[in-house]
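Asks: Quick one: the structure is below, and I'll ask about it shortly.
The values are calculated or read from the model by the stated rules, or taken from the named source; none is laboratory data. Quick caveat, the model's predicted, so the values are computed rather than measured. FYI the Cβ positions are ideal-geometry reconstructions off the backbone, even for glycines, and counts take in every protein chain you see. Accessible surface is based on the protein model in full, side chains and every heavy atom, while ligands, DNA and RNA are left aside. Shrake-Rupley method; radii C 1.70, N 1.55, O 1.52, S 1.80 Å.
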Amino acid sequence: MKTITKIVCAAVVAISASSASLAQDKPNGGDTQIRVQEYPGSILGIPMWVAIEKGFCKSYNIRCSTVGLASGPLGLQTLAAGSIEATFASNEVNLMAASRGNEIQLVVGHSPNNYYTLNVSSDYPLPNRSKGYPESMKDLKGAKVGVTARGSGIEIVTRALLQGAGMKGDDVTYVAVGAPATSYPALLAKQIDASVSFEPFNTLCLAQKTCVELVSPGKGEGPANMLAMNGGFASFAMRKNFVQSNPKAADAFIAAVRDAITWVKDPKNYDEVVAITKKKMSMGDIPDADKVLALLVKGQTTSLGYTIERKAVDATSDFLMQNKLSEKPVSSASVVYEKAPKP
């Protein structure tokens, strides 16, 4: 009997020690405020909406909120000014900023693969469309193409698509039209002929038959050096000095985003993800708006991922150098936070 008692006591002590260790290992952000960039009218905000709504930020003792900023460069400017603690952009924009002295750290992933699509107005002539990329790009010479902002990741991608097709990056006219909430109306108003954008732009186009999807790098369409960036395409970033001064808060943010994306990708939570998204964005007065939103959420949840593949970040630096878009190479070792999740 004494032997059994000793075994039970030992087990209780072991479990208690294990629980204490787990509690000690759990990141505690110390009630730090984390303001995060959000793209107005875009479904890309799902990870942060869920992190806040479902209490993942709170569980790691950080106070998360979102700030509407329509482009990656604007987000990075705001980050550098200290008006937000985390930005979200595709990594070619992040690395361009880093090459110019903006000291940032990629802390956690958002979308491993390229989520941009090139959409063209349905009444714009595309005689080479059936030939696919790269031949289809030739039809756009002289077209007005919408981008979120001049110098944005979207303009970089557009130039790369053109150059990959043997054209010049300036064979089109770039028009800054902001995020989908303003870029899609610009297409409808004939202010632009085409747009490289992100969801819900493509879904709205296809649902309303206002434009066609010409190129989708996320589906393996585009130049090889662009496709090599898949695996580490878009990430959340923080100022390097913030991460160094607040490592526990940075670790807590990583954990909150990781848990939010894991929760979102669980099929049993799909209906609730749709409900949360519906609170944050509207599909307007399009026919079957709720059905379109549900399909949009399904596509977005599939594309999310919190890891950052280091070789994809290095490929992004190579891509920028090959296209003469970066002043100097930026290695993954210098720009990716050492605790950023790996695949």
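Asks: Considering only region 294-317, how many residues are at pLDDT 90 or above, aliphatic (A, V, I, L, M) and closer than 11 Å to I43 by Cβ?
Replies: Number of matching residues: 2.
Asks: Only one residue in G132, G169, G142 is open to solvent by 30 Å² or more (accessible area, probe 1.4 Å), over 30 Å from D285 (Cα atoms) and more than 19 Å from the chain's Cα centre (by Cα). Which one?
Replies: Residue meeting the stated conditions: G142.
Quick grid of which residues meet (1) in contact (Cβ under 8 Å) with a residue 60 or more places away in the chain; (2) surrounded by fewer than 24 Cβ atoms within 10 Å (Cβ to Cβ); (3) closer than 23 Å to Q37 by Cα:
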| site | (1), (2), (3) |
| --- | --- |
| E199 | yes, yes, yes |
| K209 | yes, yes, no |
| L214 | yes, yes, no |
| N225 | yes, yes, no |
| F233 | yes, no, yes |
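Asks: Also, quick follow-up: Of the residues T78, T66, which single one is in a helix (DSSP H, G or I), touching a residue at least 12 places away in the same chain (Cβ under 8 Å) and at negative phi?
Replies: Every option except T78 fails the conditions.
Residue-by-condition table, conditions (1) assigned to a loop (DSSP other than H, G, I, E, B); (2) buried (at least 24 other Cβ atoms within 10 Å of the Cβ); (3) modelled with pLDDT under 85; (4) not β-branched (V, I, T):
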{"residue": "S16", "(1), (2), (3), (4)": "no, no, yes, yes"}
{"residue": "A70", "(1), (2), (3), (4)": "yes, yes, no, yes"}
{"residue": "G82", "(1), (2), (3), (4)": "yes, no, no, yes"}
{"residue": "A89", "(1), (2), (3), (4)": "no, yes, no, yes"}
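Asks: Please verify whether R63 is more than 21 Å from Y115 (Cα to Cα), at pLDDT 95 or above and not hydroxyl-bearing (S, T, Y), treating the condition exactly as stated. Break it down into steps so the answer makes sense when it comes.
Replies: Numbers: more than 21 Å from Y115 (Cα to Cα): yes; at pLDDT 95 or above: yes; not hydroxyl-bearing (S, T, Y): yes.
Yes: the conditions hold for R63.
Asks: Which residue out of Y39, Y116, Y124 is of a type in the set (F, W, Y) and over 17 Å from the mean Cα position of the chain (by Cα)?
Replies: When all the criteria are applied, what remains is Y124.
Asks: Failed condition for C57, given (1) under 28 Å from S216 (Cβ atoms); (2) open to solvent by less than 10 Å² (accessible area, probe 1.4 Å), with all others met?
Replies: (1)
Asks: Another one. Checking the condition among the basic types (K, R) and under 20 Å from N28 (Cα atoms), which residue from K240, K190, K209, K265 passes?
Replies: Details: K190 fails: under 20 Å from N28 (Cα atoms); K209 fails: under 20 Å from N28 (Cα atoms); K265 fails: under 20 Å from N28 (Cα atoms).
Step by step, each of K240, K190, K209, K265 is checked, and only K240 is among the basic types (K, R) and under 20 Å from N28 (Cα atoms).
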